[in-house]
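Notes follow the structure.
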Amino acid sequence: DVVETQEHYKSRWRSIWIMYLTMFLSSVGFSIVIMSVWPYLQKIDPTADASFLGWIITSYSIGQMVASPLFGLWSNYRPRREPLVVSTAISVAANCLYAYVHVPHSHNKYYMLTARALVGFGAGNVAVVRSYIAGATSLTERTSAMANTSACQAVGFILGPVFQTCFTLIGEEGITWKLIDLQLNMYTTPVLFEALLGVINIILIFVIFREHRVDDMGRQCQSVNFEEGSGAVDQDAEGNVDHVAVIAINLLFFVILFVFAVFETIATPLTMDMYSWTRKEAVFYNGIILSVVGIESVVVFIVVKTLSKKTGERAILHGGLLIVLVGFFILLPWGKKLPNIQWQEIKNNSIPRAVSTEVLIPFWSLQAMELPANHTAEPVGCPVSQSWCLNTPMIYLAQYITSDVLIGLGYPVCNVMSYTLYSKILGPKPQGVYMGWLTASGSGARILGPVFVSQIYTHLGPRWAFSLICGVVVVSLFILEIVYKRLIAFSVRYGRMQE
(Lines give C-alpha, C1' and ligand atoms only; values in the text may rest on other atoms or scores of the structure.)
Protein backbone atom coordinates (compact mmCIF):
# COMPACT_ATOMS: atom_id res chain seq x y z
CA ASP A 1 0.00 0.00 0.00
CA VAL A 2 1.23 3.47 -0.92
CA VAL A 3 0.64 5.86 1.95
CA GLU A 4 -0.55 9.29 0.75
CA THR A 5 1.91 12.03 1.58
CA GLN A 6 0.87 15.48 2.76
CA GLU A 7 2.15 16.97 -0.50
CA HIS A 8 0.09 14.50 -2.55
CA TYR A 9 -3.00 15.24 -0.42
CA LYS A 10 -2.69 19.01 -0.98
CA SER A 11 -2.07 18.61 -4.71
CA ARG A 12 -5.04 16.25 -5.00
CA TRP A 13 -7.44 18.68 -3.33
CA ARG A 14 -6.11 21.66 -5.28
CA SER A 15 -6.96 19.73 -8.44
CA ILE A 16 -10.43 18.91 -7.08
CA TRP A 17 -11.01 22.62 -6.39
CA ILE A 18 -10.13 23.37 -10.02
CA MET A 19 -12.84 20.85 -10.96
CA TYR A 20 -15.29 22.71 -8.71
CA LEU A 21 -14.46 25.92 -10.60
CA THR A 22 -14.91 24.18 -13.96
CA MET A 23 -18.34 22.92 -12.88
CA PHE A 24 -19.31 26.40 -11.69
CA LEU A 25 -18.32 28.01 -15.00
CA SER A 26 -20.21 25.36 -17.00
CA SER A 27 -23.46 26.22 -15.24
CA VAL A 28 -22.82 29.97 -15.46
CA GLY A 29 -22.36 29.50 -19.22
CA PHE A 30 -25.94 28.24 -19.43
CA SER A 31 -27.69 30.73 -17.14
CA ILE A 32 -25.80 33.98 -17.79
CA VAL A 33 -27.75 34.73 -20.99
CA ILE A 34 -31.01 32.93 -20.27
CA MET A 35 -32.93 36.15 -19.48
CA SER A 36 -31.58 38.12 -22.44
CA VAL A 37 -31.70 35.54 -25.26
CA TRP A 38 -35.19 36.53 -26.42
CA PRO A 39 -34.71 40.32 -26.68
CA TYR A 40 -31.25 39.83 -28.25
CA LEU A 41 -32.69 37.37 -30.76
CA GLN A 42 -35.44 39.83 -31.70
CA LYS A 43 -32.87 42.59 -32.11
CA ILE A 44 -30.45 40.70 -34.39
CA ASP A 45 -33.06 38.78 -36.42
CA PRO A 46 -36.69 39.99 -36.52
CA THR A 47 -37.68 36.84 -38.46
CA ALA A 48 -37.13 34.66 -35.36
CA ASP A 49 -40.26 33.60 -33.49
CA ALA A 50 -40.89 32.10 -30.05
CA SER A 51 -40.66 28.53 -31.35
CA PHE A 52 -37.13 29.22 -32.60
CA LEU A 53 -36.30 30.58 -29.15
CA GLY A 54 -37.22 27.15 -27.81
CA TRP A 55 -34.69 25.55 -30.14
CA ILE A 56 -31.99 27.98 -29.00
CA ILE A 57 -32.64 27.19 -25.33
CA THR A 58 -32.75 23.44 -26.05
CA SER A 59 -29.59 23.48 -28.19
CA TYR A 60 -27.43 23.81 -25.05
CA SER A 61 -28.75 20.54 -23.63
CA ILE A 62 -28.51 18.80 -27.01
CA GLY A 63 -24.86 19.85 -27.34
CA GLN A 64 -24.09 18.65 -23.82
CA MET A 65 -25.90 15.35 -24.39
CA VAL A 66 -23.82 14.63 -27.51
CA ALA A 67 -20.50 15.74 -26.01
CA SER A 68 -20.65 14.12 -22.56
CA PRO A 69 -20.00 10.49 -23.61
CA LEU A 70 -17.32 11.63 -26.09
CA PHE A 71 -15.36 13.65 -23.52
CA GLY A 72 -15.92 10.87 -20.98
CA LEU A 73 -14.42 8.29 -23.35
CA TRP A 74 -11.49 10.59 -24.07
CA SER A 75 -10.79 11.02 -20.35
CA ASN A 76 -10.67 7.26 -19.83
CA TYR A 77 -7.57 6.80 -21.97
CA ARG A 78 -5.76 10.13 -21.98
CA PRO A 79 -4.78 12.68 -19.31
CA ARG A 80 -7.95 14.51 -18.28
CA ARG A 81 -6.26 17.85 -18.86
CA GLU A 82 -6.71 17.31 -22.63
CA PRO A 83 -10.55 17.05 -22.76
CA LEU A 84 -10.86 19.72 -20.05
CA VAL A 85 -8.78 22.25 -21.98
CA VAL A 86 -10.38 21.45 -25.35
CA SER A 87 -13.95 21.59 -23.99
CA THR A 88 -13.32 24.88 -22.19
CA ALA A 89 -11.68 26.34 -25.33
CA ILE A 90 -14.79 25.36 -27.33
CA SER A 91 -16.97 27.20 -24.81
CA VAL A 92 -14.73 30.29 -24.99
CA ALA A 93 -14.89 30.31 -28.81
CA ALA A 94 -18.67 29.76 -28.75
CA ASN A 95 -19.20 32.69 -26.38
CA CYS A 96 -17.12 34.90 -28.67
CA LEU A 97 -19.25 33.76 -31.62
CA TYR A 98 -22.39 34.68 -29.63
CA ALA A 99 -20.99 38.21 -29.20
CA TYR A 100 -20.62 38.53 -32.99
CA VAL A 101 -23.95 37.07 -34.19
CA HIS A 102 -25.14 40.60 -35.04
CA VAL A 103 -22.46 41.02 -37.73
CA PRO A 104 -23.79 38.79 -40.59
CA HIS A 105 -26.39 40.36 -42.87
CA SER A 106 -28.74 37.37 -42.77
CA HIS A 107 -29.46 34.09 -40.95
CA ASN A 108 -28.33 35.63 -37.66
CA LYS A 109 -30.63 33.39 -35.65
CA TYR A 110 -28.81 30.30 -36.96
CA TYR A 111 -25.48 31.71 -35.83
CA MET A 112 -26.96 32.20 -32.37
CA LEU A 113 -28.29 28.65 -32.41
CA THR A 114 -24.84 27.34 -33.35
CA ALA A 115 -23.16 29.40 -30.63
CA ARG A 116 -25.45 28.09 -27.88
CA ALA A 117 -25.13 24.49 -29.12
CA LEU A 118 -21.33 24.81 -28.97
CA VAL A 119 -21.47 26.27 -25.45
CA GLY A 120 -23.47 23.18 -24.48
CA PHE A 121 -20.99 20.95 -26.29
CA GLY A 122 -18.18 22.48 -24.23
CA ALA A 123 -20.24 21.87 -21.07
CA GLY A 124 -19.91 18.15 -21.80
CA ASN A 125 -16.80 18.37 -19.63
CA VAL A 126 -19.13 17.88 -16.64
CA ALA A 127 -18.67 14.13 -17.23
CA VAL A 128 -14.88 14.54 -17.03
CA VAL A 129 -15.17 16.63 -13.86
CA ARG A 130 -17.34 14.11 -12.04
CA SER A 131 -15.29 11.11 -13.19
CA TYR A 132 -12.10 12.79 -11.97
CA ILE A 133 -13.62 13.61 -8.57
CA ALA A 134 -14.92 10.05 -8.27
CA GLY A 135 -11.42 8.67 -8.93
CA ALA A 136 -9.60 11.22 -6.77
CA THR A 137 -11.62 10.67 -3.59
CA SER A 138 -12.01 7.80 -1.15
CA LEU A 139 -15.44 6.43 -0.25
CA THR A 140 -15.54 8.53 2.92
CA GLU A 141 -14.70 11.68 0.95
CA ARG A 142 -16.98 10.95 -2.02
CA THR A 143 -20.36 12.18 -0.77
CA SER A 144 -18.90 15.46 0.49
CA ALA A 145 -16.98 16.06 -2.76
CA MET A 146 -20.02 15.26 -4.93
CA ALA A 147 -22.18 17.55 -2.78
CA ASN A 148 -19.64 20.36 -3.20
CA THR A 149 -19.63 19.77 -6.96
CA SER A 150 -23.43 20.02 -7.15
CA ALA A 151 -23.36 23.08 -4.90
CA CYS A 152 -20.92 24.79 -7.28
CA GLN A 153 -23.23 23.92 -10.14
CA ALA A 154 -26.25 25.33 -8.27
CA VAL A 155 -24.40 28.53 -7.34
CA GLY A 156 -23.46 28.94 -11.02
CA PHE A 157 -27.11 28.69 -12.05
CA ILE A 158 -28.03 31.28 -9.39
CA LEU A 159 -25.22 33.77 -10.12
CA GLY A 160 -25.54 33.62 -13.92
CA PRO A 161 -28.72 35.75 -14.00
CA VAL A 162 -27.19 38.02 -11.32
CA PHE A 163 -24.21 38.71 -13.60
CA GLN A 164 -26.63 39.35 -16.46
CA THR A 165 -28.58 41.83 -14.32
CA CYS A 166 -25.39 43.74 -13.46
CA PHE A 167 -24.45 44.00 -17.14
CA THR A 168 -27.86 45.49 -18.04
CA LEU A 169 -26.49 48.78 -16.66
CA ILE A 170 -24.44 49.02 -19.88
CA GLY A 171 -27.67 49.31 -21.88
CA GLU A 172 -28.76 48.02 -25.29
CA GLU A 173 -26.50 50.34 -27.28
CA GLY A 174 -23.39 50.22 -25.09
CA ILE A 175 -20.03 50.87 -26.74
CA THR A 176 -18.95 49.86 -30.26
CA TRP A 177 -15.35 48.99 -31.10
CA LYS A 178 -15.50 49.56 -34.86
CA LEU A 179 -11.99 48.26 -35.55
CA ILE A 180 -13.06 44.68 -34.76
CA ASP A 181 -16.85 45.10 -35.17
CA LEU A 182 -17.41 44.43 -31.47
CA GLN A 183 -20.45 45.77 -29.65
CA LEU A 184 -20.13 45.85 -25.88
CA ASN A 185 -23.73 45.98 -24.64
CA MET A 186 -26.01 44.23 -22.16
CA TYR A 187 -26.30 41.22 -24.49
CA THR A 188 -22.67 40.65 -25.48
CA THR A 189 -20.75 41.67 -22.34
CA PRO A 190 -21.99 38.71 -20.23
CA VAL A 191 -20.74 36.13 -22.74
CA LEU A 192 -17.41 37.94 -23.15
CA PHE A 193 -17.10 37.93 -19.36
CA GLU A 194 -17.80 34.18 -19.40
CA ALA A 195 -15.17 33.75 -22.13
CA LEU A 196 -12.62 35.60 -19.97
CA LEU A 197 -13.41 33.30 -17.03
CA GLY A 198 -12.95 30.33 -19.38
CA VAL A 199 -9.47 31.54 -20.37
CA ILE A 200 -8.57 31.88 -16.67
CA ASN A 201 -9.90 28.37 -16.11
CA ILE A 202 -7.66 26.98 -18.87
CA ILE A 203 -4.62 28.69 -17.33
CA LEU A 204 -5.43 27.23 -13.90
CA ILE A 205 -5.84 23.75 -15.41
CA PHE A 206 -2.35 24.00 -16.90
CA VAL A 207 -0.73 25.50 -13.80
CA ILE A 208 -2.46 23.76 -10.87
CA PHE A 209 -4.38 20.69 -12.07
CA ARG A 210 -2.63 17.32 -11.69
CA GLU A 211 -3.82 13.78 -12.38
CA HIS A 212 -4.49 12.00 -9.07
CA ARG A 213 -6.20 8.80 -8.12
CA VAL A 214 -6.86 7.03 -4.84
CA ASP A 215 -8.69 3.77 -4.18
CA ASP A 216 -11.88 3.44 -2.13
CA MET A 217 -9.86 3.33 1.09
CA GLY A 218 -7.85 6.46 0.20
CA ARG A 219 -4.59 4.78 -0.78
CA GLN A 220 -2.61 6.49 -3.52
CA CYS A 221 -2.54 4.49 -6.75
CA GLN A 222 -1.88 4.89 -10.46
CA SER A 223 -4.50 5.02 -13.20
CA VAL A 224 -4.56 4.23 -16.91
CA ASN A 225 -4.58 7.92 -17.81
CA PHE A 226 -1.76 8.93 -15.47
CA GLU A 227 0.15 11.88 -16.91
CA GLU A 228 3.62 10.36 -16.68
CA GLY A 229 2.86 7.00 -18.15
CA SER A 230 0.27 4.31 -18.61
CA GLY A 231 0.73 2.50 -15.32
CA ALA A 232 -1.39 -0.51 -14.58
CA VAL A 233 -4.59 -0.14 -12.65
CA ASP A 234 -4.38 -1.51 -9.11
CA GLN A 235 -5.74 -4.93 -8.29
CA ASP A 236 -8.83 -3.48 -6.59
CA ALA A 237 -10.14 -2.63 -10.06
CA GLU A 238 -10.68 -6.33 -10.79
CA GLY A 239 -14.34 -7.30 -10.92
CA ASN A 240 -17.39 -6.50 -12.99
CA VAL A 241 -19.58 -3.44 -12.57
CA ASP A 242 -23.20 -4.17 -11.59
CA HIS A 243 -24.88 -2.98 -14.77
CA VAL A 244 -28.39 -3.47 -13.38
CA ALA A 245 -27.58 -0.89 -10.69
CA VAL A 246 -25.96 1.37 -13.29
CA ILE A 247 -29.06 1.31 -15.52
CA ALA A 248 -31.32 1.88 -12.51
CA ILE A 249 -29.40 5.00 -11.41
CA ASN A 250 -29.50 6.33 -14.99
CA LEU A 251 -33.28 5.89 -15.03
CA LEU A 252 -33.69 7.50 -11.62
CA PHE A 253 -31.44 10.41 -12.60
CA PHE A 254 -33.45 10.92 -15.79
CA VAL A 255 -36.67 11.11 -13.74
CA ILE A 256 -35.11 13.54 -11.24
CA LEU A 257 -33.88 15.93 -13.96
CA PHE A 258 -37.10 15.50 -15.94
CA VAL A 259 -39.41 16.52 -13.09
CA PHE A 260 -37.18 19.47 -12.17
CA ALA A 261 -37.13 20.65 -15.81
CA VAL A 262 -40.94 20.48 -15.77
CA PHE A 263 -40.96 22.44 -12.50
CA GLU A 264 -38.73 25.20 -13.92
CA THR A 265 -40.60 25.39 -17.23
CA ILE A 266 -44.10 25.40 -15.77
CA ALA A 267 -43.47 28.22 -13.29
CA THR A 268 -44.14 31.20 -15.57
CA PRO A 269 -47.17 29.91 -17.56
CA LEU A 270 -48.76 28.37 -14.46
CA THR A 271 -48.57 31.55 -12.40
CA MET A 272 -49.78 33.68 -15.30
CA ASP A 273 -52.78 31.37 -15.78
CA MET A 274 -53.65 30.90 -12.11
CA TYR A 275 -52.94 34.31 -10.58
CA SER A 276 -53.50 36.65 -13.55
CA TRP A 277 -49.89 37.83 -13.40
CA THR A 278 -48.52 39.82 -16.31
CA ARG A 279 -45.39 38.58 -18.12
CA LYS A 280 -43.28 41.06 -16.16
CA GLU A 281 -44.80 40.07 -12.82
CA ALA A 282 -44.42 36.35 -13.59
CA VAL A 283 -40.73 36.72 -14.51
CA PHE A 284 -40.03 38.95 -11.50
CA TYR A 285 -41.84 36.94 -8.83
CA ASN A 286 -40.72 33.55 -10.15
CA GLY A 287 -37.19 34.88 -10.39
CA ILE A 288 -37.33 35.68 -6.67
CA ILE A 289 -38.89 32.29 -5.85
CA LEU A 290 -36.35 30.33 -7.91
CA SER A 291 -33.49 32.31 -6.38
CA VAL A 292 -34.73 31.36 -2.90
CA VAL A 293 -35.07 27.74 -4.06
CA GLY A 294 -31.49 27.92 -5.36
CA ILE A 295 -30.23 29.18 -2.00
CA GLU A 296 -32.27 26.45 -0.28
CA SER A 297 -30.57 23.88 -2.54
CA VAL A 298 -27.09 25.08 -1.59
CA VAL A 299 -27.99 24.73 2.11
CA VAL A 300 -29.32 21.21 1.41
CA PHE A 301 -26.05 20.28 -0.33
CA ILE A 302 -24.17 21.29 2.82
CA VAL A 303 -26.53 19.48 5.23
CA VAL A 304 -26.73 16.27 3.18
CA LYS A 305 -22.98 15.69 3.54
CA THR A 306 -23.39 15.22 7.29
CA LEU A 307 -26.74 13.44 7.14
CA SER A 308 -25.53 10.78 4.69
CA LYS A 309 -22.90 9.61 7.18
CA LYS A 310 -25.67 8.63 9.60
CA THR A 311 -28.31 7.20 7.28
CA GLY A 312 -26.49 6.23 4.08
CA GLU A 313 -27.05 7.49 0.52
CA ARG A 314 -29.81 5.05 -0.45
CA ALA A 315 -32.14 6.07 2.38
CA ILE A 316 -31.61 9.77 1.61
CA LEU A 317 -32.32 9.20 -2.11
CA HIS A 318 -35.53 7.40 -1.14
CA GLY A 319 -36.53 10.28 1.13
CA GLY A 320 -35.71 12.86 -1.55
CA LEU A 321 -37.97 11.14 -4.09
CA LEU A 322 -40.80 11.01 -1.54
CA ILE A 323 -40.44 14.75 -0.88
CA VAL A 324 -40.56 15.47 -4.65
CA LEU A 325 -43.68 13.27 -4.93
CA VAL A 326 -45.42 15.20 -2.14
CA GLY A 327 -44.36 18.48 -3.77
CA PHE A 328 -46.08 17.65 -7.05
CA PHE A 329 -49.08 16.03 -5.33
CA ILE A 330 -49.72 19.32 -3.52
CA LEU A 331 -49.85 21.08 -6.92
CA LEU A 332 -52.94 19.11 -7.97
CA PRO A 333 -56.06 21.36 -8.20
CA TRP A 334 -58.43 20.47 -5.35
CA GLY A 335 -60.70 23.48 -4.74
CA LYS A 336 -63.83 24.76 -6.45
CA LYS A 337 -62.77 28.27 -7.47
CA LEU A 338 -61.92 28.60 -11.17
CA PRO A 339 -59.05 30.78 -12.40
CA ASN A 340 -59.81 34.12 -14.04
CA ILE A 341 -60.56 33.63 -17.72
CA GLN A 342 -58.45 35.84 -19.96
CA TRP A 343 -61.22 36.82 -22.40
CA GLN A 344 -63.24 38.33 -19.55
CA GLU A 345 -60.38 40.69 -18.74
CA ILE A 346 -60.08 41.60 -22.43
CA LYS A 347 -63.77 42.41 -22.84
CA ASN A 348 -64.35 44.42 -19.67
CA ASN A 349 -64.07 44.17 -15.94
CA SER A 350 -67.82 44.06 -15.25
CA ILE A 351 -68.27 40.35 -15.91
CA PRO A 352 -68.01 38.24 -12.72
CA ARG A 353 -64.67 36.47 -12.44
CA ALA A 354 -66.13 33.07 -11.57
CA VAL A 355 -68.38 32.28 -14.55
CA SER A 356 -70.00 28.95 -15.25
CA THR A 357 -69.22 27.31 -18.57
CA GLU A 358 -72.85 27.65 -19.70
CA VAL A 359 -72.58 31.43 -20.13
CA LEU A 360 -69.13 31.55 -21.71
CA ILE A 361 -68.92 33.13 -25.13
CA PRO A 362 -67.83 30.59 -27.78
CA PHE A 363 -64.17 30.86 -28.67
CA TRP A 364 -64.84 31.57 -32.36
CA SER A 365 -66.76 34.73 -31.43
CA LEU A 366 -63.83 36.10 -29.40
CA GLN A 367 -62.23 37.14 -32.66
CA ALA A 368 -65.02 39.67 -33.12
CA MET A 369 -64.32 41.41 -29.81
CA GLU A 370 -62.76 44.81 -30.16
CA LEU A 371 -60.84 46.48 -27.39
CA PRO A 372 -61.43 50.17 -26.69
CA ALA A 373 -59.08 52.43 -28.62
CA ASN A 374 -57.31 53.48 -25.44
CA HIS A 375 -56.97 49.93 -24.08
CA THR A 376 -53.27 49.09 -23.75
CA ALA A 377 -53.31 46.67 -20.81
CA GLU A 378 -51.81 43.23 -21.32
CA PRO A 379 -54.49 40.48 -21.23
CA VAL A 380 -54.13 38.43 -18.05
CA GLY A 381 -55.66 35.25 -16.71
CA CYS A 382 -56.15 31.74 -18.06
CA PRO A 383 -56.62 31.89 -21.87
CA VAL A 384 -59.91 30.44 -23.03
CA SER A 385 -58.03 28.74 -25.88
CA GLN A 386 -56.91 26.29 -23.17
CA SER A 387 -60.26 24.53 -22.74
CA TRP A 388 -59.33 23.13 -19.33
CA CYS A 389 -59.38 26.68 -17.92
CA LEU A 390 -63.18 26.52 -18.03
CA ASN A 391 -63.55 23.60 -15.61
CA THR A 392 -60.28 23.08 -13.72
CA PRO A 393 -60.05 24.61 -10.23
CA MET A 394 -57.24 27.06 -9.64
CA ILE A 395 -54.07 26.17 -7.73
CA TYR A 396 -53.82 28.49 -4.75
CA LEU A 397 -50.68 30.53 -4.20
CA ALA A 398 -50.04 28.76 -0.88
CA GLN A 399 -50.08 25.43 -2.74
CA TYR A 400 -47.60 26.74 -5.31
CA ILE A 401 -45.14 28.16 -2.77
CA THR A 402 -45.32 25.03 -0.57
CA SER A 403 -44.63 22.91 -3.63
CA ASP A 404 -41.65 25.12 -4.56
CA VAL A 405 -40.17 24.67 -1.08
CA LEU A 406 -40.60 20.87 -1.12
CA ILE A 407 -39.24 20.40 -4.65
CA GLY A 408 -36.36 22.73 -3.78
CA LEU A 409 -35.62 20.40 -0.87
CA GLY A 410 -36.07 17.06 -2.63
CA TYR A 411 -34.33 17.79 -5.93
CA PRO A 412 -30.82 18.61 -4.61
CA VAL A 413 -30.96 15.59 -2.28
CA CYS A 414 -31.77 13.26 -5.20
CA ASN A 415 -29.20 14.94 -7.47
CA VAL A 416 -26.26 14.50 -5.07
CA MET A 417 -27.20 10.99 -3.97
CA SER A 418 -27.57 9.80 -7.58
CA TYR A 419 -24.07 10.95 -8.51
CA THR A 420 -22.57 9.65 -5.27
CA LEU A 421 -24.16 6.19 -5.48
CA TYR A 422 -23.31 5.97 -9.18
CA SER A 423 -19.62 6.72 -8.62
CA LYS A 424 -19.43 4.21 -5.75
CA ILE A 425 -21.16 1.48 -7.76
CA LEU A 426 -18.69 1.95 -10.65
CA GLY A 427 -15.71 1.55 -8.35
CA PRO A 428 -12.04 2.13 -9.18
CA LYS A 429 -12.24 1.64 -12.95
CA PRO A 430 -12.18 4.77 -15.19
CA GLN A 431 -15.66 6.30 -15.01
CA GLY A 432 -15.54 8.78 -17.89
CA VAL A 433 -17.89 6.99 -20.28
CA TYR A 434 -20.34 6.02 -17.54
CA MET A 435 -20.42 9.58 -16.20
CA GLY A 436 -20.90 10.74 -19.79
CA TRP A 437 -24.00 8.59 -20.13
CA LEU A 438 -25.37 9.83 -16.80
CA THR A 439 -24.82 13.44 -17.86
CA ALA A 440 -26.41 12.69 -21.25
CA SER A 441 -29.48 11.17 -19.56
CA GLY A 442 -29.85 14.38 -17.53
CA SER A 443 -29.51 16.51 -20.67
CA GLY A 444 -32.12 14.38 -22.41
CA ALA A 445 -34.47 14.92 -19.48
CA ARG A 446 -33.98 18.70 -19.72
CA ILE A 447 -34.89 18.49 -23.41
CA LEU A 448 -38.03 16.36 -22.95
CA GLY A 449 -39.29 18.15 -19.82
CA PRO A 450 -40.25 21.41 -21.60
CA VAL A 451 -41.76 19.41 -24.49
CA PHE A 452 -43.90 17.46 -22.01
CA VAL A 453 -45.10 20.69 -20.40
CA SER A 454 -45.90 22.39 -23.68
CA GLN A 455 -48.06 19.48 -24.81
CA ILE A 456 -49.73 18.00 -21.71
CA TYR A 457 -50.19 21.21 -19.70
CA THR A 458 -51.40 23.30 -22.65
CA HIS A 459 -53.90 20.74 -23.95
CA LEU A 460 -54.97 18.84 -20.81
CA GLY A 461 -54.15 21.19 -17.94
CA PRO A 462 -52.35 20.98 -14.57
CA ARG A 463 -54.43 18.09 -13.22
CA TRP A 464 -53.24 15.74 -15.95
CA ALA A 465 -49.71 17.15 -16.08
CA PHE A 466 -49.01 16.86 -12.35
CA SER A 467 -50.84 13.52 -12.02
CA LEU A 468 -48.58 12.05 -14.69
CA ILE A 469 -45.52 13.50 -12.93
CA CYS A 470 -46.66 11.90 -9.66
CA GLY A 471 -47.09 8.60 -11.52
CA VAL A 472 -43.56 8.83 -12.94
CA VAL A 473 -42.10 9.49 -9.48
CA VAL A 474 -44.06 6.56 -7.99
CA VAL A 475 -42.63 4.26 -10.71
CA SER A 476 -39.13 5.53 -9.91
CA LEU A 477 -39.72 4.71 -6.22
CA PHE A 478 -40.69 1.15 -7.21
CA ILE A 479 -37.50 0.86 -9.29
CA LEU A 480 -35.48 2.08 -6.31
CA GLU A 481 -37.12 -0.53 -4.05
CA ILE A 482 -36.34 -3.32 -6.53
CA VAL A 483 -32.64 -2.47 -6.85
CA TYR A 484 -32.18 -1.08 -3.33
CA LYS A 485 -29.87 -3.87 -2.12
CA ARG A 486 -27.73 -3.65 -5.29
CA LEU A 487 -26.93 0.06 -4.83
CA ILE A 488 -23.73 -0.58 -2.87
CA ALA A 489 -20.12 0.42 -3.41
CA PHE A 490 -17.93 -1.68 -5.71
CA SER A 491 -15.52 -2.50 -2.86
CA VAL A 492 -18.36 -3.53 -0.56
CA ARG A 493 -19.85 -5.74 -3.25
CA TYR A 494 -16.58 -7.66 -3.60
CA GLY A 495 -15.95 -7.84 0.14
CA ARG A 496 -12.94 -5.52 0.22
CA MET A 497 -14.68 -3.09 2.58
CA GLN A 498 -17.62 -3.22 4.96
CA GLU A 499 -20.64 -1.01 4.26
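Applying a threshold of 6 Å to beta carbon distances and a minimum spacing of six or more residues, or different chains, the list of pairs starting in segment 430-445 at a residue that is outside the structural domain of R78 (by the TED database) and ending at one that is of a type in the set (D, E, K, R) reads M435/R130. Restricting the search to helices (runs of 4 or more DSSP H) fully inside segment 258-348 and requiring at least 3 residues that are open to solvent by 40 Å² or more (accessible area, probe 1.4 Å) and modelled with pLDDT under 80 gives 279-311, 342-347. Every listed requirement among (1) buried (at least 22 other Cβ atoms within 10 Å of the Cβ); (2) in contact with an Asp or Glu (Cβ under 7 Å, 6 or more places away or on another chain) is met by G381 save one, (1). Restricting T420, T402 to residues that are out of contact with any Pro (no Cβ under 9 Å at 6 or more places or on another chain), in contact (Cβ under 8 Å) with a residue 12 or more places away in the chain and open to solvent by less than 10 Å² (accessible area, probe 1.4 Å) narrows the list to T420.
How many residues does segment 89-106 contain that are open to solvent by 10 Å² or more (accessible area, probe 1.4 Å) and more than 17 Å from D181 (Cβ to Cβ)? Working first, answer last.
So in segment 89-106, the residues open to solvent by 10 Å² or more (accessible area, probe 1.4 Å) come out as 89-93, 96-97, 100, 102-106.
Right, trim to more than 17 Å from D181 (Cβ to Cβ) and you get 89-92.
Residues in segment 89-106 being open to solvent by 10 Å² or more (accessible area, probe 1.4 Å) and more than 17 Å from D181 (Cβ to Cβ): 4 in total.
State yes or no: is E194 modelled with pLDDT of 80 or more, farther than 17 Å from M417 by Cβ and among the charged types (D, E, K, R)? Yes; evaluated as a whole, the condition is true for this residue.
The residues in segment 26-35 that are buried (at least 22 other Cβ atoms within 10 Å of the Cβ) and over 12 Å from the mean Cα position of the chain (by Cα) can be counted, and the count is 2. Filtered by the rule that a residue be free of Cβ contacts under 8 Å to residues at least 24 places away in the same chain, loosely packed, with under 15 Cβ neighbours inside 10 Å and farther than 27 Å from R81 by Cβ, segment 175-204 gives I175, T176, W177, K178, L179, I180.
Is there a residue being among the hydrophobic types (A, V, I, L, M, F, W, C) and in contact with a strand residue (DSSP E or B) (Cβ under 9 Å, 6 or more places away or on another chain) anywhere in segment 104-127? Can you show your working first?
First, the residues of segment 104-127 that are among the hydrophobic types (A, V, I, L, M, F, W, C): 112-113, 115, 117-119, 121, 123, 126-127.
Retained after the next criterion (residues that are in contact with a strand residue (DSSP E or B) (Cβ under 9 Å, 6 or more places away or on another chain)): none.
No, segment 104-127 contains no residue that is among the hydrophobic types (A, V, I, L, M, F, W, C) and in contact with a strand residue (DSSP E or B) (Cβ under 9 Å, 6 or more places away or on another chain).
Restricting attention to segment 423-442 and to residues that are of a type in the set (S, T, Y) and surrounded by 24 or more Cβ atoms within 10 Å (Cβ to Cβ), the residue that is nearest to I302 (Cα to Cα) turns out to be S423. Here segment 460-499 is the region considered, the condition is being at pLDDT below 85 and in a helix (DSSP H, G or I), and the residue that is surrounded by the fewest Cβ atoms within 10 Å (Cβ to Cβ) is V492. Of all residues in segment 46-88, those being open to solvent by less than 10 Å² (accessible area, probe 1.4 Å) and among the acidic types (D, E) number 0. Confirm whether V126 is more than 21 Å from the chain's Cα centre (by Cα) and surrounded by 17 or more Cβ atoms within 10 Å (Cβ to Cβ). The answer is no for V126. For segment 432-444, the count of residues that are farther than 22 Å from F260 by Cα and in contact with a Pro (Cβ under 7 Å, 6 or more places away or on another chain) is nonzero. Scanning segment 45-89 for residues that are in contact with a Phe, Trp or Tyr (Cβ under 6 Å, 6 or more places away or on another chain) and outside any helix (DSSP H, G or I) returns a single hit, R80. So which residues in segment 205-223 are open to solvent by 50 Å² or more (accessible area, probe 1.4 Å) and at pLDDT 90 or above? Answer for segment 205-223, where residues must be open to solvent by 50 Å² or more (accessible area, probe 1.4 Å) and at pLDDT 90 or above: F206, V207, I208.
The values are calculated or read from the model by the stated rules, or taken from the named source; none is laboratory data. It should be emphasised that the depicted structure is a prediction, and the values quoted were computed from it without experimental measurement. Please note: Cβ atoms are built from the backbone with ideal geometry, for glycine as well, and neighbour counts cover all protein chains shown. Calculation scope for accessible area: heavy atoms of the full protein, side chains included, ligands and nucleic acids excluded. Shrake-Rupley method; radii C 1.70, N 1.55, O 1.52, S 1.80 Å.
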